[in-house]
Amino acid sequence: MSRIETRLNARAADFQANAAAMRALVDDLQQRFAQVEAGGGEAARAKHVARGKLLPRERVAELLDPGTPFLEIAEQNHLPCIYLVDSGGANLPNQDEVFPDRDHFGRIFYN
């Protein structure tokens, strides 16, 4: 494959400013990903753990076989998903009758 040449000057001041701004955005995004992967902010994590509950990624890890890949592609590919939720006291086999909604499958902790 042939190389596509550019007239872009990577040493130009405007290029350097744009590159620095992009690096700052990427760093911020990576920090946000890390916070999500950690299970949220420290206060939220502590509250969750104090209740004796597993954090979301810990729950997923319990479902996966060791060494198997885990891809988070369901939402962007419109794939069905499994909700890992606690029961609020309802009989889950009858949740469609307890929490009816317009689609007749039951609301997931609707407030």
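With respect to A50, is the statement that it is surrounded by 12 or more Cβ atoms within 10 Å (Cβ to Cβ), at pLDDT 85 or above and hydrophobic (A, V, I, L, M, F, W, C) true? Considered against the rule, which asks whether it is surrounded by 12 or more Cβ atoms within 10 Å (Cβ to Cβ), at pLDDT 85 or above and hydrophobic (A, V, I, L, M, F, W, C), A50 comes out as no.
Go through the residues of region 81-101 one by one and say whether even a single one is in a loop (DSSP other than H, G, I, E, B), at pLDDT 85 or above and touching a Gly at 6+ places or on another chain (Cβ under 7 Å).
Scanning region 81-101 turns up no residue that is in a loop (DSSP other than H, G, I, E, B), at pLDDT 85 or above and touching a Gly at 6+ places or on another chain (Cβ under 7 Å).
The values are calculated or read from the model by the stated rules, or taken from the named source; none is laboratory data. Remember, it's a predicted structure, so these values are computed and weren't measured experimentally. Quick reminder, even Gly has a Cβ in these numbers, built from the backbone with ideal geometry, and neighbours come from all protein chains shown.
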